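Below: the structure, in structure tokens.
Where a number appears in this text, it was derived from the coordinates with a stated rule and is not lab data. Nothing here was measured: the structure is a model prediction, and the numbers come from that model. Note: ideal-geometry Cβ built from the backbone for every residue, glycine included; neighbour counts use all protein chains shown.
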Amino acid sequence: MSAAIATRNKDVASFRARLFTAIMIIVATLTALGFYLAQRRVTADAERNLQQTFQTELSSTRKIEELRHAALADRCNTLVAKPRIHAAIEDDAIDLLYPTAKDELRDLMQGEEPPPEQAARSLHARFYRFLDDTGAVIKPPSPSDVGKLDAATEAQLSLKKLPNTQQIGYIQSAGDIHEVIAVPIFSTDTGDLVSALVIGFKPLELEKKSTGMQSGVWVDGRLHLPALAPSAQNSLNDKITPALTDSDSQQNYFRVEVAGAPQLLFHKRLNPGSLFPPAYEIFLYPLASWTAQLNRLRWQIGGAGALLLLGGFVASHFVARSMSAPVKKLALDSEENRAERERAEAALASTAEELERSTRYSADASHQLKSPMTVLRIGLESLLGREGFKPQVYEELSTLLHQTRRLTGVIDDLLLLSRMDAGHLQIASTPVNLSQLVDEWLDDLGALPESPDVKIEKEFPHGLFVAGEKRYTSLIVQNLLENARKYNRAGGRIRVNARGNGKKVVLTIGNTGRTIPPGENIFERFHHSSSPSAASGHGIGLNLARELTRLHGGELRLVRSEKDWTEFEVRFSAANGVNAVT
Amino acid sequence: MRRQGLLWLSAALSLVPASLFGGAAVEGHVDLPKSRSAPIQAKRYEIVTKAGVLSTLPPLAVVYLDGNFPRPASLPTKEVAQRDLTFIPVLLPIEVGTKVQFPNLDDQYHNIFSYSPAKRFDLGRYRPDERPIPSVTFDKAGLVTLRCDIHEHMRGLILVLNTPYFVMTDTAGRFRLDKLPAGRYTLKSWIDSRTTREKSIELKDGQTLHVDLP
């Protein structure tokens, strides 16, 4: 027993440990998940913010550039509408193009280069060149008027063909970078593309709202980022050139190390679809402060996670304990319950076995008894038919025959009961005229030889039909009426009452005489009255009647038994559609 | 009435043998390009440009006899006027060395200039009452595109030829050249700034040759 308790305690402890572990795992997982999500969120937010900053600054610059481009396109349209420019291009007088354009474009070249903050409103150009119909640069007669360029730089202005639309390009020369815009020139007469004007500008610089940002331009394999030292520029160029030449994406960002410091590098194609070599705006954002912020945040989240873990530890301990307590109780209870249930099951099994055995036995016994009883009865009847015995012998024989008949009835009843117990009894339900049945049995009752002097009162309508098999219904009525007569007193009465009650028919049989003491189970099989009485009975009649009633879907019960009056009530099922409700 | 009279006269002259006037004659027909939108009354001509090719509308051709002819001592002065913001005539064939006056018949400024390789000139801005009338002597053969610096759409053509023998066709493409010297020549027809057709011919005194330039 103590070993069982020890096992049980061990089980409960292991359950508590498992519960605790599960809670701890959940808390730890949630903390880790929260940590991971928060960090990812912070990283994503920071990167998105930086990208937005980049986009905003880029787009504000882009707007200024668009204005500049629109203004230039306008200028070129005006320019080409000038008859002299037209004449120079169309009348094979290219040599007159620059001298003619010189006056028209004079303002572009005049004055000094404006400071960066005014660059947006200025159309100050560094140089311009015209392209001939093959896209090659037309050499200016006097380069000083149109901005001097070395041969290599000037060659970069040529295009494979004349562009239909404005083209933006970036070219490098001698450590500087120029933004160039090629504007197509269409003949006003024919609408044909006859030339292009390429104008070079100082590139617009991004406004650096955030500190530490650095911007530059990558063009054709070379990076121009003056804020960086040449060596850093070169190493960065080596890193980004593959990314920019390989990727098809117009814009993206990635992390780079510049001079040992982590930086976020954004890039965006400046001239998508241009005939000029691809150029990218490069935007460097140092991650030092951002990394520090992220680290701080990591510590905060980590601390919070640790606290959560600790809290979870304590809470789960208590929770595990409080949760395991009812489990412990449950374990105890269930053990007791199980033992009890096992006992009950064993008892039930033996009872069922016993019952089966007794049923089988009574059936066997009845069958075995029936044949000798028949032989006995026939023998007695034939003896009674003979002549020459003394009158006492006839009397004895008559009594024996009566007892034999009684015994045959008892055996029949037992056989019926055992069939019922075995579940072999089937009922062929038909409408049975209960009124007629009761009348017949009452007539028989009066004809019985040893019937005491009783008065019979009856009150029931004619033609009251119940559902059932006639012989069993008859047996029920017979049993009850015989009991009413048998247990009556001299000068007493029997009252039979029957009425239809919807789906039921209620038959009440009452009689005067000895009452049944409360607590006595008269419906028990082989019941014998505790009080001595002259009345005889074998003790299965009521039991049989009740079983039969139940088999018919009805009920038999003792309604009352007091003050010289005992009354039984039988509820039959009414035969469908035969009875009128009374 | 007068126009009809001229027609009669020319018809009568054509019946007279060319030998009466001395020299040979060529007459014929030039296949002109189909006019895209031939005006019902071809009173005004204009220069149109299609794919960089200048031509007249409705189409006209200049037929001329190419050859080495002695330069005359003096040539009559010709005139291209500006009226209603157009050049009149819109196409003028002249012999090399001819002086052309550009009178302004509008009541506003014009600035006639040319960047053409055959003749570059710029007359500057001038008013209708400008005297002397601005003029240019064309001393090199070729096609000269006339433009106005003030009126961007104005176009005129002067075809400077090395020959005194030239004539403009009518709108149907018919032409006739008279008083031509006998000999072997090339007959050319200028259709537009890029198209010139030619045919070798042999002219005999007193003979009228019929030549069609397809």
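Worth a mention:
- For segment A:212-291, the C-alpha radius of gyration sits at 1.04 times the compact-globule guess of 2.2 N^0.38 Å, with N the residue count.
- Rg/Rg_globular for the protein assembly as shown, with Rg_globular taken as 2.2 N^0.38 Å and Rg from C-alpha atoms: 2.42
- Placing unit charges on each Cβ (+1 for Lys and Arg, -1 for Asp and Glu) gives the protein assembly as shown a dipole about its Cα centre, and among A:480, B:213, A:204 the Cα reaching farthest toward its positive end belongs to A:480.
- Cα pair distances exceeding 15 angstrom across segment A:1-99, given as percent: 81
- As computed over segment A:133-183, the Cα convex hull volume per residue (Å³): 85
- Counting only residues at least eight positions apart within a chain, or on another chain, the lysines with an alpha carbon under 24 Å from that of residue A:470 are A:370, A:458, A:486, A:503, A:504.
- Of the peptides A:297-310, A:329-342, A:539-552, the order by per-residue mean of other Cβ atoms within 10 Å, starting with the highest, comes out as A:539-552, A:297-310, A:329-342.
- Which of A:462, B:110, B:151, A:367 has the fewest Cβ neighbours within 10 Å, and the rest in rising order: A:462, A:367, B:151, B:110
- Per-residue average of Cβ from other chains inside 10 Å of B:144-155: 3
- Top positive-direction residue, dipole computed over the protein assembly as shown with Cβ charges, set A:131, A:362, A:442: A:442
- Distant-in-sequence amide contacts of residue A:271, defined by a placed amide H-H separation under 5 Å and a gap of 5 or more residues or a different chain, comprise A:279.
- Convex hull of alpha carbon positions in segment A:379-452: directionally averaged projected area 7.9 nm².
- The protein assembly as shown - charge dipole about Cα centre, Lys and Arg +1 at Cβ, Asp and Glu -1, debye rounded to 20: 440
- Computed over the protein assembly as shown, the per-residue total of -39500 (n - 2.57) for DSSP H runs of n ≥ 4 gives a 222 nm mean residue ellipticity of -14000 deg cm²/dmol, rounded to 500.
- Lys/Arg +1, Asp/Glu -1 at C-beta; segment A:313-452 dipole; positive extreme among A:346, A:400, A:326: A:326
- Dividing the radius of gyration of the alpha carbons in segment A:37-172 by their Kirkwood radius gives 1.13 for Rg/Rh.
- Counting only the Cα atoms, segment A:286-398 fills a convex hull of 195 Å³ per residue.
- Proportion of all alpha-carbon pairs of segment A:269-351 beyond 21 Å (%): 72
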